[in-house]
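Throughout, read-outs are computed from the coordinates displayed, never taken from laboratory work. Quick caveat: nothing in here was measured; it's all calculated off a predicted structure. Counting neighbours? That spans all protein chains shown, and the Cβs are built from the backbone with ideal geometry, glycine included.
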Amino acid sequence: MSRRVLSIIPTLVLCAILALGQRQGQLLKAAGSPVDPKVPIAWNRYYDAKALEALSYKIAKAHPHLAEAHTIGKSQQGRNIWCLTITDFTKGDSSRKPAIYLQGNIHGNEIQGAEVALYTAWYLTETFQDNGYIQELLADKAFYIVPTLNPDARDYFFHHAVTQHNPRGYPRSSDRAARDLDGNGSISRMRVRNPHGIYRIDPTNPDKMVRLGEKEIENVNGVDSAKRPDSRNYDVLPEGGVDPFDGTGADNGRPFTDHDDPNRNWSYGWTPEESRIAERSGFSFTFVETRVARDFFYKHPNIAAAESFHNSGGSIGPAELARQPTDPIDAEMEKDIALYDQLGAHVHKVLPEYRYDNSAIRVVRVIGKREVDWMFGKHGAYSFVVELMPHTADNYDFNKDLLFGDAFVPWRSVNDPTRGTVEVGGFKKNFPRLTPGFLLEEEAHRNMAFAVYVCRETPTLRIDYVRSKEIGNGLREIYAVVTNTSLMPTHSSSNARYAITRADYVTLESSVIMSIERMEAPQGPNGVTITTEEHNPRRYEINNIPGHSTVTLRWIVSGSNGPFTITVDSVKGGVASASTKGTIDLEKAGHYER
């Protein structure tokens, strides 16, 4: 054996001892975090579509009783669109539990939503063993997590020189109109001296370009120019671009259109007839990826809540109400607004730098055809758009004091084939819209906590009281109280208005043949309609079970002394059962067998 090999052996042994020591006794669990995860993932960086796919598979493989990873479709370029289903599979079928849908990265440049979504799956599975709260949550609820709906545009953002604002949907010709003149992988900014330009170098910060005051600018033939030419003035453009940068977030000053943006591609924000025409004529669901998400929702009517992660600004806002411009806001819509506001009140508890923004909820078509509006309006799922990465007070100071200049390209002279010598500099594509590494795990954790809260408040149905009692003449009274212990009703206003999901069923069963003499619904909350079905006399149909409410039901039967089982079955509220044993009365609320 060579001396070189012999010299390596002690090092390898030492490394093995250190690794073993860290696992056995050198680690102290930090509160709220897994100390030794089965799937170690660094949360201070970003992963392309292939890496996200591999991590999703690892999570599912490491936790087979809690996670399933499966493709729900293919992107335009044939990449897998992955979904992780997270629930305690030993406690029932995920499709029969109330569910929340979490999705990242519908916009190709808004990438950190994928990490936030994947972190949620990772955290729930890695902490399940030691955390009773998570165990109870996953026993009753399910998470459908799609880290990236737009893997093509995500990978284009990763592996091509782009601005921080593009691509949104499919890469366009205008995304390539700008050029990476300095070869650093980002399209930053370019400044060109022009006496008629409307920018100058900030005298207090040579990195920063400031726009002239409005009184110093005039518009000539649609172009803003300095009223008084000055040798200190500049044009500011995307690096290698051809049109002045106008601050809108579009390359080369070109605004986005609905056909460029998968989040303006949904058949919502139309009248019913417009919606039908739009879907037939191709004005909605023109993206392969939006059709994949649409079909997933149709296949999973148990989705009761949803969040779509975007950037930036640090806000969480509810979907618009499902109504036409001429429709008034009725009492049921007011209940939905109040519910959204109750959920939104939790934002400041777990995301103190975020704001809850419900300014659009009462306005029709503020931003038409959005995904979350479709989720609520067409599927009755209480939905939120989440704008990640709160704005900093000053991006330049943040970069200097906390990132030590890493997010900024210093201005320097380069050659532009069109203009000759120009200066290129500015922020890279990974800042300020994207969360810096040292904050990414915190932001992912805080947003995960809000998603867990929203999921917990999806309908939770229990049968809290069951009584079987003889009342004479060979008759027996069966009495039950059905309770929704969460904030969300089983049917939102849009769900009820458009009959998106069926009524909730409460059914009485017995192992002995019995005859239903009559059925009575002694009590229900305001607005609740309870009916019986002619073809199934054992079953009540309830149009809605509001949050934090109870519904009492009564059967009069003959021919059986029990045992009796009562089951409540709700599309978005899940399934729960309670039973009696023979003729024993269960007089105490909450005393029943599941």
Along the positive direction of the dipole of the chain (beta-carbon charges: Lys, Arg +1; Asp, Glu -1; about the Cα centre), which of Ile566, Gly113, Thr127 reaches farthest?
Thr127
At what distance in nm do the modelled label points of Lys400 and Gln342 sit from each other, each positioned 7 Å from its Cα along Cα→Cβ?
4.9
Work out the charge dipole of the chain with +1 on the Cβ of Lys and Arg and -1 on the Cβ of Asp and Glu about the Cα centre, then indicate which of Pro206, Thr529, Ile217 is farthest towards its positive end.
Pro206
Suppose only helical runs count, i.e. DSSP H with n ≥ 4. What mean residue ellipticity at 222 nm does that imply for the chain under -39500 (n - 2.57) per run, divided by all residues and rounded to the nearest 500 deg cm²/dmol?
-8000 deg cm²/dmol
Sequence of Met190, Met389, Met209 once ranked by neighbouring C-beta atoms within 10 Å, starting from the fewest
Met209, Met389, Met190
Ascending count of other beta-carbon atoms within 10 Å, so fewest first, for Glu289, Glu442, Glu517:
Glu442, Glu517, Glu289
Rounded, prolate or oblate: which one fits the stretch 461-579, using the alpha carbon gyration tensor with axes a ≥ b ≥ c (rounded when a/c is under 1.5, else prolate when a/b beats b/c, else oblate)?
prolate
Neighbouring Cβ atoms within 10 Å as the yardstick, rank Thr392, Thr148, Thr87 fewest first.
Thr392, Thr87, Thr148
The chain - charge dipole about Cα centre, Lys and Arg +1 at Cβ, Asp and Glu -1, debye rounded to 20:
1120
Hey, can you list the DSSP H helices of the chain whose Cα span along the axis is 24 Å or longer and whose average Kyte-Doolittle score is at least -1.0?
3-24, 437-456
Roughly what would the spin-label model give for Glu136 and Thr204, points 7 Å off Cα along C-beta, in nm?
5.2
Whole angstrom only: what separates the Cα centroid of the stretch 403-433 from the Cα centroid of the stretch 32-79?
34
Calc'd 3J(HN,Hα), the stretch 567-575, phi into Karplus 6.51 cos²θ - 1.76 cosθ + 1.60 (θ = phi - 60°), Hz, glycine/Pro = x, comes to 10, 9, 10, 10, 4, 9, x, x, 10
Cα centroid of the stretch 135-167 to Cα centroid of the stretch 510-573, whole Å:
43
